[in-house]
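**Student:** If you scroll down you'll find the structure; I have some questions about it.
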Amino acid sequence: MNGIDKGHGVKFSVAGVLVTLGIVFGDIGTSPLYVMKAILREGFPIETEFILGILSCVIWTLTIQTTIKYVIITLKADNKGEGGIFSLFALLRKSKRRVYILAIIGASTLLADGIITPSITVVSSIEGLNLLNPDIKVIPIVLAILTVLFTIQQFGTQFIGKFFGPVMFLWFLMLGVLGIMEIHEQVEVLKAFNPYYAIHLLWTYPGSIILLGAVFLCTTGAEALYTDLGHCGMKNIRVSWTFVKIALILNYLGQGAWILSHNNEITGGISNPFYAIMPAAFLPAGIALATAAAIIASQALISGSYTLISEAIALNFWPKTKIKYPTLQKGQMYISSINWFLWLSCMLVVILFKESNNMEAAYGLSITITMLITTFLMTSYLSMKRVNLLLISAFLIIYTLIEGAFLYANLFKFSHGGWFTILVASILIIIMLSWYFGRKVTNRFLRFLPIEQYIPTIKDLRNDSSVPKTASNLVYLTKANRTTDVESKIILSILNKQPKRADHYWLIHVDILDDPRTMEYKVSQLIPGILTRIDFFLGFKVERRIHAMFKHITNEMAKKGEIDLFSGYPSLRKHNVITDFKFIIIDRLNISDMDFKFMDRVIINIYFFIVKLSLSDVKALGFDASSVVIEQMSLGFEGAQNFRLIERN
């Protein structure tokens, strides 16, 4: 088996830590913009025990949920250096066949809740301008920033990406310094490190469980720690998280100290404590830095969405979509359909909810579901790794209870905007399930035949000069996993649908592996010099440029003398003209009179509707359309149907 390319994993370095700050922590790093403001809006009495309880909840949420679950435990579940919900699914799917349902739900809710991230972070940052001038209209500025951000995606962000790390370093440094400046006024807030105050809050204050919905906002970016594992590396994430966590906690403590110092001034119309702790002279610079951090957080969400969808395509959860690679930077891609879907969704969120106060009510519900799904998948992973059963049980029970409590609290947000992300997630789930099961239904109609019994026929056809030559080389895509088999549709195409004579027949099979970045191939001579099969073994993160890969392999075979790439026509051969290739794509059609069960019919109709909207195999696999012939065949099996027809005398 030959390798085309390989390599994964990111080593620890100071530069790597800086890059990690710019890629991983945008979402969780901008949460101080709105967390304490969201908590105060719940209307609970502003008193010392309450603020200490809230701060304690935030500190221990960042510790138990982010640090222990994600940074310490989940990052270990790396798939050859890659992380994220689909990478975890790929590790499990052979031993736990039904986890695809969890993966689909988790990915859909992650994408859906991510729509709120650019909206709430940019709006929260720009709202700071109202402190300088209350007449400034925030919404038009936010819409303009988001439009520019999504427009530049198609050109790549390699240049501005170089500034993400330094900007986020300044951002977290600012968070820490501002926090320290306030803490010395109310040193009492340091008591919040004692978990007693969190327990006391939830136990003593009636209805305090609802506060967990706002507290949860401090950890919404935790899933990104795992998703970006492949871009940044485990050690870079862990080291940088130490700095980030300290900065976040200092800032939350600083906001809490300010609230305690000004509790007599606080009313229902309180300004954002995040901006309130800034010295007046620093406010313009602070707003500018907050806006830059919000844009970086949004960029991370957009790039993460592209990665998630590209993995879903490779794992057959999402229809084929055009993916561009605007720069040479590893992992940077652009998916136009997803980009403008996100843009439109963000525009709707901003116009619909208008203020960050309203967005806070919509934020967090879907991502809680994602985190629960990750807990279930991690439990399966730990079981597969034969970790001590008591430890697995403790992990499952503790995080199901914690995230279950967060989910319960966030359910109160449903009627206040949480319905929006649940609606989007439901649409994404329907698309993914329909695509996944639609392929399952259509694959039931695949029939494989032993290729050995057709070898004499193919040889005779090749040598039959009475049949016009279709092409020098005919190439088919095959779904047969075994090299000894071939689909009946391919045999039908070669022998029956206008017999196709060629000098050389090729079968291409693509096998998507659980290993994310494998690029290997294998050549099998089924009929030496006449019929060759090439198997591609590609990781689910590898771009499937099959046409280019096929050309590379044929060139390698020619160098080894295994094939002759010069034209077989004497008039062209003497001028060293390269031989011709024709690719045959078999398009299986749905036929309305087939006897489907009700649910199968619903799925297959949705599936074929999505097929019409999705990218064709020709474009998805990088084929030159001028060298491709698309043959349409019925979905069902060939041969006569068993009709009960009676001949009339």
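The values are calculated or read from the model by the stated rules, or taken from the named source; none is laboratory data. Note that the coordinates shown come from a computational prediction; the quantities given were computed from them, not determined experimentally. Cβ sites come from the backbone with ideal geometry, for glycine too, and all protein chains shown count toward neighbours. With ligands, DNA and RNA removed, areas are computed over all heavy atoms of the protein, side chains included. Shrake-Rupley method; radii C 1.70, N 1.55, O 1.52, S 1.80 Å.
**Student:** Examine the stretch 459-467 for a residue that is in contact with a Ser or Thr (Cβ under 7 Å, 6 or more places away or on another chain), modelled with pLDDT under 95 and either assigned to a helix (DSSP H, G or I) or under 16 Å from S493 (Cα atoms) (or both), and state whether such a residue exists.
**Tutor:** Among the residues of the stretch 459-467, not one is in contact with a Ser or Thr (Cβ under 7 Å, 6 or more places away or on another chain), modelled with pLDDT under 95 and either assigned to a helix (DSSP H, G or I) or under 16 Å from S493 (Cα atoms) (or both), which makes the answer no.
**Student:** Do the conditions hold for L248, that is, is it at pLDDT 95 or above, hydrophobic (A, V, I, L, M, F, W, C) and closer than 24 Å to S303 by Cα?
**Tutor:** Yes; evaluated as a whole, the condition is true for this residue.
**Student:** Here's a follow-up. Looking only at the stretch 321-333, count how many residues are at pLDDT below 85 and either within 23 Å of V142 (Cβ to Cβ) or open to solvent by less than 60 Å² (accessible area, probe 1.4 Å) (or both).
**Tutor:** Matching residues across the stretch 321-333 total 6.
**Student:** Across the stretch 567-587, which residue is farthest from the chain's Cα centre (by Cα) among those that are of a type in the set (S, T, N, Q), closer than 17 Å to D503 by Cβ and part of a loop (DSSP other than H, G, I, E, B)?
**Tutor:** Going through the stretch 567-587, the residues of a type in the set (S, T, N, Q) turn out to be 567, 571, 576, 579.
Now narrow it down to the ones that are closer than 17 Å to D503 by Cβ: 567, 571, 579.
Then keep just the ones that are part of a loop (DSSP other than H, G, I, E, B); that gives 567, 579.
On the way: S567: 45, T579: 41 Å.
Checking each candidate, the answer is S567.
**Student:** Would you check which residues across the stretch 306-320 are assigned to a loop (DSSP other than H, G, I, E, B) and either modelled with pLDDT of 90 or more or not charged (D, E, K, R) (or both) and list them?
**Tutor:** Once the filter is applied, which keeps residues that are assigned to a loop (DSSP other than H, G, I, E, B) and either modelled with pLDDT of 90 or more or not charged (D, E, K, R) (or both), the stretch 306-320 yields L315, N316, F317, W318, P319.
**Student:** Keeping to the stretch 229-255, report how many residues are closer than 14 Å to C218 by Cα and in contact with a Gly (Cβ under 9 Å, 6 or more places away or on another chain).
**Tutor:** 10
**Student:** Between a residue in the stretch 164-182 that is farther than 16 Å from A288 by Cβ and of a type outside the set (F, W, Y) and any residue that is modelled with pLDDT under 95 and outside any helix (DSSP H, G or I), which pairs come within a Cβ distance under 7 Å, given they are 6 or more apart or on different chains?
**Tutor:** Hits for this filter: E182/I277.
**Student:** Open to solvent by 30 Å² or more (accessible area, probe 1.4 Å), in a helix (DSSP H, G or I), within 15 Å of P118 (Cβ to Cβ) and polar (S, T, N, Q), is that true of S303?
**Tutor:** yes
**Student:** With the condition kept exactly as written, say whether any residue in the stretch 489-503 is at pLDDT 90 or above, closer than 30 Å to A77 by Cβ, open to solvent by 20 Å² or more (accessible area, probe 1.4 Å) and touching a helix residue (DSSP H, G or I) at 6+ places or on another chain (Cβ under 8 Å).
**Tutor:** no
**Student:** In addition: When residues of the stretch 381-392 are filtered for being open to solvent by 30 Å² or more (accessible area, probe 1.4 Å) and either in contact with a His (Cβ under 6 Å, 6 or more places away or on another chain) or in contact (Cβ under 8 Å) with a residue 24 or more places away in the chain (or both), how many remain?
**Tutor:** 1
**Student:** Related question: Looking only at the stretch 543-593, count every residue that is small (G, A, S) and either surrounded by 12 or more Cβ atoms within 10 Å (Cβ to Cβ) or within 30 Å of I309 (Cβ to Cβ) (or both) and tell me the total.
**Tutor:** Of the residues in that region, 4 qualify.
**Student:** Any idea which of A425, A471 is hydrophobic (A, V, I, L, M, F, W, C), surrounded by 18 or more Cβ atoms within 10 Å (Cβ to Cβ) and outside any helix (DSSP H, G or I)?
**Tutor:** Step by step, each of A425, A471 is checked, and only A471 is hydrophobic (A, V, I, L, M, F, W, C), surrounded by 18 or more Cβ atoms within 10 Å (Cβ to Cβ) and outside any helix (DSSP H, G or I).
**Student:** Select from the stretch 424-470 the residues that are among the aromatic types (F, W, Y) and over 30 Å from I115 (Cβ atoms) and write down the one among them that is farthest from the chain's Cα centre (by Cα). Walk me through it before giving the result.
**Tutor:** Going through the stretch 424-470, the residues among the aromatic types (F, W, Y) turn out to be 435-437, 445, 448, 454.
Applying the additional criterion that residues be over 30 Å from I115 (Cβ atoms) yields 445, 448, 454.
Working: F445: 31, F448: 34, Y454: 43 Å.
Here the answer is Y454.
**Student:** Also, quick follow-up: Within the stretch 239-266, how many residues turn out to be surrounded by fewer than 23 Cβ atoms within 10 Å (Cβ to Cβ), more than 16 Å from P45 (Cα to Cα), out of contact with any Phe, Trp or Tyr (no Cβ under 9 Å at 6 or more places or on another chain) and touching a residue at least 60 places away in the same chain (Cβ under 8 Å)?
**Tutor:** The qualifying residues number 2.
**Student:** Filter the stretch 334-360 down to the residues that are closer than 20 Å to A300 by Cβ and not in a helix (DSSP H, G or I), then identify the one that is modelled with the highest pLDDT.
**Tutor:** Ranking the candidates gives I335 first.
**Student:** So I455 passes all but one of these: (1) in contact (Cβ under 8 Å) with a residue 60 or more places away in the chain; (2) surrounded by 15 or more Cβ atoms within 10 Å (Cβ to Cβ); (3) touching a strand residue (DSSP E or B) at 6+ places or on another chain (Cβ under 9 Å). Which condition number does it fail?
**Tutor:** (2)
**Student:** Which one is farthest from S119 (Cα to Cα), of the residues in the stretch 406-422 that are open to solvent by less than 40 Å² (accessible area, probe 1.4 Å) and more than 24 Å from the chain's Cα centre (by Cα)?
**Tutor:** The selected residue is A409.
**Student:** Show me the helices (runs of 4 or more DSSP H) found entirely inside the stretch 71-176 where at least 1 residues are over 25 Å from the mean Cα position of the chain (by Cα). Explain how you work it out, then say what you get.
**Tutor:** Working: elements: 85-92, 99-114, 116-126, 129-132, 138-151, 158-161.
Correct list: 116-126, 129-132, 138-151.
**Student:** Looking at the stretch 474-516, which of its residues are outside any strand (DSSP E or B), touching a residue at least 60 places away in the same chain (Cβ under 8 Å) and within 17 Å of I534 (Cα to Cα)?
**Tutor:** Residue satisfying the conditions is I490 alone.
**Student:** So, of the residues in the stretch 13-66 that are polar (S, T, N, Q) and open to solvent by 10 Å² or more (accessible area, probe 1.4 Å), which turns out to be farthest from I398 (Cα to Cα)?
**Tutor:** Filtering first and then ranking leaves S13.
**Student:** A further question on this structure: Determine whether the stretch 1-10 contains at least one residue that is in a loop (DSSP other than H, G, I, E, B), among the basic types (K, R) and open to solvent by 10 Å² or more (accessible area, probe 1.4 Å).
**Tutor:** Yes, because at least one residue in the stretch 1-10 is in a loop (DSSP other than H, G, I, E, B), among the basic types (K, R) and open to solvent by 10 Å² or more (accessible area, probe 1.4 Å).
**Student:** Pick out the one residue from T220, T227 that is within 29 Å of F50 (Cβ to Cβ), β-branched (V, I, T) and either at pLDDT 90 or above or within 34 Å of the chain's Cα centre (by Cα) (or both).
**Tutor:** T220
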